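Here is the structure we will look at.
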Amino acid sequence: DKYSSEILRYYICETRAGENINFNWEDVKQKQRNLLVLLNTANYLIQLKNFKGKGKIGVEEKYILSRLNSSILKTTELFESYNFEKTITEVEKLFLDISRVYIKMTRDKSSESPEIVFETLKESYIKAIQMFAPICPLVSEYVWQELKKSGIVKEESVHLSTWPKADKKKINKALEKE
């Protein structure tokens, strides 16, 4: 009763099919904390929606959009080659970067140029949710419905939305390494 089926699915799916599972409750707790980060990011995105103010795309936006598009390419490749257990790590790194790197870097900027932060966060977060949906379908759908209620997405369900496509022009490996 401590952990939901989503958290256990999220944890178990990182194990390659046919391999023994070295079960660890601390790892399950970490997955739960990661899902809370995902939910808190949705709340932040919803809060930013109502602020107005133009801005210029900065290095922070270029960084997260590069990370996003690199992740889309890698995750798509992993899914297409049936390496499902590796997709989790890739998508997880992306949504943690969105929260722990991008949002942290743009806290001050979000009060000066909320529109550019909102649009960048919206694009990266929605695409991350779309890639996360096969892994955690219930949590992803819950987040999607919250975004739909606030008018951020229009599609009826995350599972009816199209798989995100990478824009290779936005990938900057040098910027990602900094």
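The values are calculated or read from the model by the stated rules, or taken from the named source; none is laboratory data. From a predicted model like this one, the values you see are computed outputs, not experimental measurements. Glycine also receives a Cβ, built like all others from the backbone with ideal geometry; neighbour counts cover every protein chain displayed. For the accessible areas, the whole protein counts, side chains as well, though only heavy atoms, and no ligand, DNA or RNA atoms are used. Shrake-Rupley method; radii C 1.70, N 1.55, O 1.52, S 1.80 Å.
In terms of the mean number of neighbouring beta-carbon atoms within 10 Å, the peptides 138-146, 91-99, 42-50 order highest first as 91-99, 138-146, 42-50.
For region 103-116, putting each phi into the Karplus relation 6.51 cos²θ - 1.76 cosθ + 1.60 with θ = phi - 60° gives couplings of 5, 4, 6, 10, 3, 6, 5, 5, 8, 8, 10, x, 5, 5 Hz, in residue order, rounded to whole numbers and with x for Gly and Pro. Relative to the dominant Cα principal axis of the chain, helix 59-80 is inclined by about 30°. With the charge dipole of the chain set up from +1 on Lys and Arg Cβ and -1 on Asp and Glu Cβ about the Cα centre, the Cα lying farthest toward the positive end among the listed residues I64, F79, L38 is that of I64. Calculated accessible area for the chain comes out at 57 Å² per residue, all protein chains present (probe 1.4 Å; ligands, DNA, RNA ignored). Multiplying the residue separation of E156 and S5 by 0.36 nm and removing their Cα-Cα distance gives an extension gain of 52.0 nm. If one takes the longest principal axis of the Cα atoms in the chain, at what angle in degrees, from 0 to 90 and to the nearest 10, does the Cα axis of helix 25-48 lie? Its long axis makes an angle of about 20 degrees. Pairwise alpha-carbon distances in region 81-159 exceed 19 Å for 43% of all pairs. Peptides 61-68, 74-81 ordered by packing proxy, namely the average of other Cβ atoms within 10 Å per residue, highest first: 61-68, 74-81. 3J(HN,Hα) along region 131-146, derived from phi through the Karplus expression 6.51 cos²θ - 1.76 cosθ + 1.60 where θ = phi - 60°, amounts to 6, 7, 4, x, 7, 10, x, 6, 5, 4, 5, 4, 4, 4, 5, 5 Hz, with x in place of Gly and Pro.
Can you give me the convex hull volume of the Cα atoms of region 40-82, divided per residue and expressed in Å³?
Working: hull volume 4.1 nm³, N = 43.
Dividing the Cα hull volume of region 40-82 by its residue count gives 95 Å³.
The gain in end-to-end length when the A174 to K93 segment is fully stretched comes to 27.4 nm, 0.36 nm per residue minus the alpha carbon separation. Here region 118-178 yields Rg over Rh of 1.03, to two decimals, using C-alpha coordinates and the Kirkwood radius.
Among the protein heavy atoms of the chain, carbon and sulfur supply 52% of the accessible surface, probe 1.4 Å, non-protein parts ignored.
Annotation for region 1-16 versus region 79-145: alpha-carbon center distance of 19 Å. Kirkwood Rh over alpha-carbon pairs of the chain, then Stokes-Einstein at 25 °C and 0.890 mPa s: what D in µm² s⁻¹, rounded to an integer? Estimated diffusion coefficient is 145 µm²/s.
Relative to the longest principal axis of the Cα atoms of the chain, the long axis of helix 84-97 makes an angle of roughly 30 degrees.
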